[in-house]
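To keep things clear, I will list the structure first and then write my remarks on it.
Each value in this text was obtained by applying a stated rule to the coordinates, not by laboratory testing. Bear in mind the structure is a predicted one, so any value in this text is a computation, not a measurement. FYI the Cβ positions are ideal-geometry reconstructions off the backbone, even for glycines, and counts take in every protein chain you see.
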C-alpha cells in the first residue's frame, strides 16, 4: 500500500487487505460523501483501504450512478442527515457536456467554457451553503483522442485546449476558496500515461471513467489530500549521507572524491536529489541528518563547493556510530515532534530494516541505491509531505527551529531558569480569533498532539463558526522573543453556558513549552471570563497516547479535581476578583 | 488441462472473496456465493484476465451462466494465446 504499489494486487485482494488494516487501530472516524459522474464502487473501496492505512476510518455516502449534480444541487434529506465531513466530486472528462464544435466561433467556445464552469461553480457554492464541509473535486484529464492532432492543444475548438482552460478555472477557484481542494487527476493521468489511465472496454462494460490500474492511483492521491487536511502529513525528512546525499563514502573517499556537482552523471543525480530536498525545506519541511560517520567528516561533505545543501539547512544533525533508530528517536524528541512525523531515507537496506523494526511509526520508503533518481521519485510519488496550504508559518518554519536551537544554547548560560526566561524579552499577543489567523488556528488544532488537553479537531468551517458565535470565548496566542517571532502557537476555545465556561480545546505548539505561555493564556481566559461575569472555569483532560505532558496542567494552574473517569479528568476553577496573574515573564498585548 | 484451470480459478475466487474455504465446480453460479455481486464479478473477471494473461471480449464475461462455461472460455483463450 506504499508507493510503488501493485494496482492489480490491491484490487484483487481488497477484502483481505481491508480485514488486516482494520485490526490496526486506533482510527479517527470521518464521513465522506462521494458524488459520482461515473461508477464509484471501487474508487470508494480502494479509498477506504488507503484511509485505513493512515488511521482514518471512513463512513461513506455514495450517490446513485452519475447523479452527482442532482444529489448535490437539490434537496437531499439523506445526505443532509449523513452530515458529511468531506464531499468528493468524482467527475472526469466523460462528464463534459458541451465540447466545442468545429464550426464554433471563438465567442461560442468561450460561452461553452463559461457555461461548463458555472455548472460546477454553482454546485460548489450550493454544497458549501448546505453542508459547509470540505470539498474535494477532480479536475479533468486530457481526452484520449485528438481530432485536431497537435492543433487540439492550441486551437480554441480543440478538446485538449478546452479542458486545459477548464482546469485553469478550477485552479483559480481553488486558489481563492477555502475548504476546496483539487484532486489533480490531470497530473495523475499524465504520470501513468493516458493509455494506462483510459480503458474503453472498462468504460463501455461498467461505466468506470478510469482503468482498473488507475483506480488505486486516484484513491492514493485523494487519501493523501484527506490525510493532509487531518494533519497527518509527515513533517520531517531524516537523511543518511553516504550514497544518499552524495555518491561515495566520505570517511573513506575523502571530500574531493565524493560525487556531487555536474562532473559525472552520478554526481548530477545526487545534485538533483539535494536540490529536491532543499526545495522541500523551503516550503516548510524540516530536514535532519542521521549518518554513521564522525561528526567532522559528515559536516565536511557540505563544504564541498558543489554541495547544494549546507549544515545550516538541518534542524538536527546526528553523525555518530550509534544505532540509527536510537538517533532518529532522539531527533524527534530534540525538535519536539511526534515520531510518526518522520520519513527516513537511507540507501542501505540493513539500516532501513533496523529503523523499520524498531520504529514502526517512521516512514521508511524502499529506495534503490542503483537508481539515485528513485530517492526523489519515491518521496514525490508517495505524497508523504502533502500540504494543504503554504502558510507564512511554513516558510519560516526552518528558521524558527534554528532560532529555537539558539534559545536552547542561550539557556545553558543561565544559572536560574527564571533568569533565563526573563532575559528572553518575551512578548505575546493573546486575543480573540481574527480572520487572518483562522487557517493557522485550524492547522494547529489538527496537528497538535502533545500539548493538547482534549484533542478536539476542527475543520476551517467549524473554527469560523466558533469565532462568530457569541457563546464562545476564543483565544489565539502569538509569542515572540528577542530571537524571533514564533507566530501563532496556542489556541483556546471555551464554550459559555450560564456562569460557567467549559474549555473545549486548549492546545499549544511544543516549540514554546515551559516559557510561561500556558500561564499567560490562562490569565487571559480569566480576564475574559471576569468581563462576562463568569464565575467558574471548567477544564477537561482526555488522555491519549501522546498528551500525558498536560495531565496535570490544570492542577498546576490551581484547579481542583472534581471528577475522574478512567484516566480522563474534569477540573474546576472558581474565579474571584482577587485573581493574580500567573504569567511573570511575558509582556502581553502591549505592542499590538 | 481442465483440472489445472479449475484449480487456478478456485484460487482466484478464494483471493477475491477472501475465503480460503471456497470450493467451486463446473456448476457453481453466483447464487452459490453470497458476496458474488456485480462488483465482485468485475474483480473476478480482471483477476482471471491477469492470471491467465487473456482478455475477455466486451460483454463476453457477462453471458456466462456458471463456472463451467467460464472455465471453457478461459481454456479456449488460453490455448489460443500459446499459439
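What is the distance, in nm, between label points placed 7 Å from the Cα along the Cα-to-Cβ direction at residue A:73 and at residue A:97?
Reported label-point gap for residue A:73 and residue A:97 is 0.6 nm.
Return B:36, A:506 ranked ascending by Cβ neighbour count within 10 Å, so the fewest neighbours appear first. Don't jump to the answer; show the numbers that get you there.
Details: B:36 18, A:506 27.
By the 10 Å Cβ count, ascending, the order reads B:36, A:506.
Run through every distinct alpha carbon pair of segment A:32-132 and return the Kirkwood hydrodynamic radius in angstroms, one decimal place.
Values: mean 1/r = 0.0662 Å⁻¹.
15.1 Å is the Kirkwood radius here.
Go ahead and run the numbers for FRET between residue A:380 and residue A:195, Cβ-Cβ distance against an R0 of 25 Å, rounding to 0.05.
Details: r = 22 Å, r/R0 = 0.87.
With a Förster radius of 25 Å, E is 0.70.
Report the per residue volume, in Å³, of the convex hull enclosing the C-alpha atoms of segment A:236-382. Walk me through the numbers before you get to the answer.
Numbers: hull volume 14.7 nm³, N = 147.
Per residue, the Cα convex hull of segment A:236-382 comes to 100 Å³.
Please give the residues of segment A:519-553, grouped as numeric ranges, whose backbone N is less than 11 Å from a label point set 7 Å along the Cα-to-Cβ vector of residue A:579.
Under cut-off, by backbone N: A:521-538.
What is the list of residues in segment A:83-125 whose amide nitrogen lies under 13 Å from a point 7 angstrom out from the Cα of residue A:187, following Cα to Cβ?
None, by backbone N distance to the label point.
Step by step: find N for segment A:7-229, compute 2.2 N^0.38 Å, then divide the Cα radius of gyration by it. What's the final number? Each step should come with its number before you reach the end.
Working: Rg = 17.8 Å, N = 223, 2.2 N^0.38 = 17.2 Å.
Cα-based Rg divided by the globular estimate yields 1.03.
Quick one: length gained pulling residue A:282 to residue A:513 fully straight, 0.36 nm per residue minus the C-alpha distance? Show your work: numbers first, answer last.
Working: separation 231, 0.36 × 231 = 83.16 nm, distance 2.51 nm.
Full extension from residue A:282 to residue A:513 adds 80.6 nm.
Among DSSP beta bridges lying fully in segment A:7-229, give the percent that are antiparallel, nearest 5. Numbers along the way, then the final one.
Details: 0 of 20 bridges.
Around 0 percent of the beta bridges assigned by DSSP in segment A:7-229 are antiparallel ones.
Please give the average number of partner chain Cβ atoms lying within 10 Å of the Cβ of each residue in B:57-66, rounded to a whole number.
Numbers: counts 1, 5, 3, 1, 1, 2, 0, 0, 0, 0.
Shielding by partners across B:57-66 averages 1.
Rounded to the nearest 5, what is the percent of antiparallel bridges among the DSSP beta bridges in segment A:236-382? Present the calculation step by step, with values, prior to reporting the outcome.
On the way: 1 of 16 bridges.
Here the share of antiparallel DSSP bridges comes out near 5 percent.
Under 12 Å from the 7 Å Cα→Cβ point of residue A:126, by amide nitrogen: which residues of segment A:85-119?
So the set is A:119.
Of B:71, B:22, B:54, which is the most mobile in a GNM of chain B whose springs link Cα atoms less than 10 angstrom apart?
B:22
Mind listing P(r) for the protein assembly as shown? All alpha-carbon pairs, 20 Å bins, whole percents.
15, 42, 34, 8, 0
Can you classify segment A:202-244 as rounded, prolate or oblate using the Cα gyration tensor, where a ≥ b ≥ c are the square roots of its eigenvalues, rounded means a/c under 1.5, and otherwise it's prolate if a/b beats b/c and oblate if not?
Cα axes put segment A:202-244 in the oblate bin.
In vacuum, with every alpha carbon of segment A:413-588 counted as one equal point scatterer, what does the Debye formula give for log10 I(q)/I(0) at q = 0.11 Å⁻¹? Two decimals, please.
Cα-only, vacuum Debye calculation for segment A:413-588: -0.45.
Over segment A:413-588, what relative contact order in percent results from Cα pairs under 8 Å that are six or more residues apart? Write out the running numbers ahead of the final one.
Numbers: 317 pairs, mean separation 43.1, N = 176.
Normalised by residue count, the contact order of segment A:413-588 is 24 percent.
Just want to confirm a number: the relative contact order over chain A, from Cα pairs under 8 angstrom separated by 6+ residues, in percent.
Taking the mean separation of contacting Cα pairs over the length of chain A, I get 10 percent.
Taking only Cα atoms and a 10 Å spring cutoff, compute GNM fluctuations for chain B and point out the largest among B:39, B:64, B:48.
B:39
Given N residues in segment A:173-308, what is its alpha carbon radius of gyration divided by 2.2 N^0.38 Å?
Values: Rg = 21.0 Å, N = 136, 2.2 N^0.38 = 14.2 Å.
Taking N as the residue count of segment A:173-308, the ratio is 1.48.
Label segment A:97-173 by shape, choosing from rounded, prolate and oblate, from the square roots a ≥ b ≥ c of the eigenvalues of the Cα gyration tensor; if a/c is under 1.5 it is rounded, and otherwise prolate applies when a/b is larger than b/c, oblate when it is not.
Details: a/c = 3.14, a/b = 1.99, b/c = 1.57.
Verdict is prolate for segment A:97-173.
For a quick check, take a GNM of chain B with Cα springs below 10 Å and name the residue from B:60, B:15, B:49 with the largest mean-square fluctuation.
It is B:60.
Which FRET efficiency value, to the nearest 0.05, is calculated for residue A:399 and residue A:465 with the Förster distance at 25 angstrom and r the Cβ-Cβ distance? Spell out each step's value before the answer.
On the way: r = 33 Å, r/R0 = 1.34.
The calculated FRET efficiency here is 0.15.
Over chain A, what is the percentage of antiparallel beta bridges among all DSSP beta bridges, to the nearest 5? Can you show the working numbers first?
Working: 35 of 77 bridges.
Counting only bridges with both partners in chain A, antiparallel ones make up about 45 percent.
Hey, what did segment A:179-296 get for relative contact order, percent, Cα under 8 Å, at least 6 apart?
Values: 103 pairs, mean separation 23.9, N = 118.
RCO, segment A:179-296: 20 percent.
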